[in-house]
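Visitor: Please see the structure below; I have some questions.
The values are calculated or read from the model by the stated rules, or taken from the named source; none is laboratory data. Bear in mind the structure is a predicted one, so any value in this text is a computation, not a measurement. Here the Cβ positions follow ideal geometry from the backbone for every residue, glycine too, while neighbour counts run over all protein chains shown. Surface accessibility is based on the protein's heavy atoms, side chains included, excluding ligands, DNA and RNA. Shrake-Rupley method; radii C 1.70, N 1.55, O 1.52, S 1.80 Å.
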Amino acid sequence: MNGHHMRRALVTLAALVVGTAGMGLVTAPAASAAGYGCGGSLVGQYNIKDGAGSTWGTINVYYSSANGGTNCAVNVAKRYAGTPHLLEVNLFQGNRKAEDEGKFSQYAGPVSLTSTNGDCITVSGWVTSPLGSTAVGDKWQDIHCG
């Protein structure tokens, strides 16, 4: 291989390595984000937005057929991701409730309820600014009935 082709091969190999590393960086968060500790499949995403339309958090809802149907939810930080702040996620089915609240940098949860097959669930969540001066929350009632 002459010098020109060798250099091109090295550049191509370097681009492939960088491209693969870049893909690894992209897929690693996606893989960890795949369930945040929840099993099953992602069946819904619900954005917690302020009055200006900015997303502060996203509630991800997962479903698995295990244990008579298992729903699981997490509240993923968006606006203040990476900074500890108050996050809350709630999952309801009938009079049963699973909740997680605390100061988190990335997400609250997972919370789950079993024996949900054939019943509706309700999810809600809150996100509070790091200094505690503003809180934004929302609720989605009677969803994923089935």
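Visitor: Quick check on the stretch 106-119: of everything there that is free of Cβ contacts under 8 Å to residues at least 60 places away in the same chain and under 19 Å from GLY37 (Cβ atoms), which residue is most open to solvent (accessible area, probe 1.4 Å)?
Guide: Taking the stretch 106-119 first, the residues free of Cβ contacts under 8 Å to residues at least 60 places away in the same chain are 106, 108, 111, 113-119.
When the remaining residues are screened for being under 19 Å from GLY37 (Cβ atoms), the result is 106, 108, 111, 113-114, 116.
Details: GLN106: 97, ALA108: 0, VAL111: 9, LEU113: 15, THR114: 57, THR116: 3 Å².
Selected residue: GLN106.
Visitor: Here's something else I'd like to know. Scan the stretch 47-72 for residues that are part of a strand (DSSP E or B), under 16 Å from CYS120 (Cα atoms) and touching a Ser or Thr at 6+ places or on another chain (Cβ under 7 Å) and jot them down.
Guide: Residues satisfying the conditions are TYR62, TYR63, SER64, THR70, ASN71, CYS72.
Visitor: Still on this structure, I have one more. Just to be sure before I move on: is LYS103 closer than 15 Å to TRP140 by Cα, open to solvent by 80 Å² or more (accessible area, probe 1.4 Å) and in a strand (DSSP E or B) in the structure I sent? Before the answer, list the steps.
Guide: Values: closer than 15 Å to TRP140 by Cα: no; open to solvent by 80 Å² or more (accessible area, probe 1.4 Å): yes; in a strand (DSSP E or B): yes.
No.
Visitor: SER64 passes all but one of (1) surrounded by 17 or more Cβ atoms within 10 Å (Cβ to Cβ); (2) touching a helix residue (DSSP H, G or I) at 6+ places or on another chain (Cβ under 9 Å); (3) not aliphatic (A, V, I, L, M); which number fails?
Guide: Going through the list (1) surrounded by 17 or more Cβ atoms within 10 Å (Cβ to Cβ); (2) touching a helix residue (DSSP H, G or I) at 6+ places or on another chain (Cβ under 9 Å); (3) not aliphatic (A, V, I, L, M), SER64 breaks only (2).
Visitor: Applying the selection to the stretch 120-146, what residues are within 15 Å of GLY44 (Cβ to Cβ), open to solvent by less than 70 Å² (accessible area, probe 1.4 Å) and assigned to a loop (DSSP other than H, G, I, E, B)?
Guide: CYS120, HIS144, GLY146
Visitor: Tell me which residues, restricted to the stretch 77-91, are open to solvent by 10 Å² or more (accessible area, probe 1.4 Å), closer than 26 Å to GLY40 by Cα and assigned to a strand (DSSP E or B).
Guide: Passing the criteria: only GLU88.
Visitor: Hey, another quick one. Pull out all pairs, ordered by first then second residue, where Cβ-Cβ is under 8 Å, the residues are six or more apart or on different chains, the first lies in the stretch 65-81 and is over 30 Å from SER54 (Cβ atoms), and the second is among the aromatic types (Phe, Trp, Tyr).
Guide: GLY69/TYR63; THR70/TYR63
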